[in-house]
Amino acid sequence: MPGAPSAPMIPPPPPQVPPGPTAPATIAPMQSGRMMEGRIKANLGLDQLEQAAGMLGGTNSEEGRELLSFIVKARKRFGKAEPDLQKQQLKIMGEGIPGVQQPTPMQGEQFQKAIKQHQATQGLPGAAGGM
């Protein structure tokens with residue numbers, strides 16, 4: 001209709017953001033817990049190297065002196081673990097050990113049968129019982 005007010009214009013949609021990470025989100029945050037765990041593991045390794053140096057003759061052998069030289073440099077960088085960290089060190093070492101699974105009754109019976117069969121093939125006493 002002539003003279004009628006025109007409808008308001010619809011604003012264009014905002015531009016599409018390309019998929020993928022943006023620059024600020026690509027930097028991982030500093031994790032102090034992981035840093036502490038790394039320092040504890042480094043100290044565990046240095047303790048092991050110190051023991052190895054002693055087994056290699058310590059300052060009386062070339063290998064021992066070389067290891068001790070490295071350990072002294074590394075201790076300056078990582079420090080010596082405080083005594084109260086020993087529990088955390090043991091905990092970290094224990095995390096690598098898989099858990100023990102309790103056998104089911106059926107597995108226990110199968111294990112007992114396998115033992116008796118093995119004893120019977122070896123001619124051991126006690127194998128003659130109920131198979």
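Things to note:
- So Ser61, is it at pLDDT below 70 and hydroxyl-bearing (Ser, Thr, Tyr): no
- Hey, Glu50 at pLDDT 80 or above, surrounded by 13 or more Cβ atoms within 10 Å (Cβ to Cβ), part of a helix (DSSP H, G or I) and not aliphatic (A, V, I, L, M) or not: yes
- When Ala127 is tested against (1) modelled with pLDDT under 70; (2) closer than 30 Å to Leu49 by Cβ, just one condition goes unmet, and that condition is (2).
- Set side by side, the residues Gly64, Gly45, Gly57, Gly38 differ, and just one is on the phi > 0 side of the Ramachandran plot and either crowded, with 16+ Cβ neighbours inside 10 Å or not acidic (Asp, Glu) (or both), which is Gly57.
The values are calculated or read from the model by the stated rules, or taken from the named source; none is laboratory data. As the structure is a computational prediction, the values presented were derived from the model and not from experiment. With ideal geometry, Cβ positions are generated from the backbone for all residues, glycine too; neighbour counts draw on all protein chains shown.
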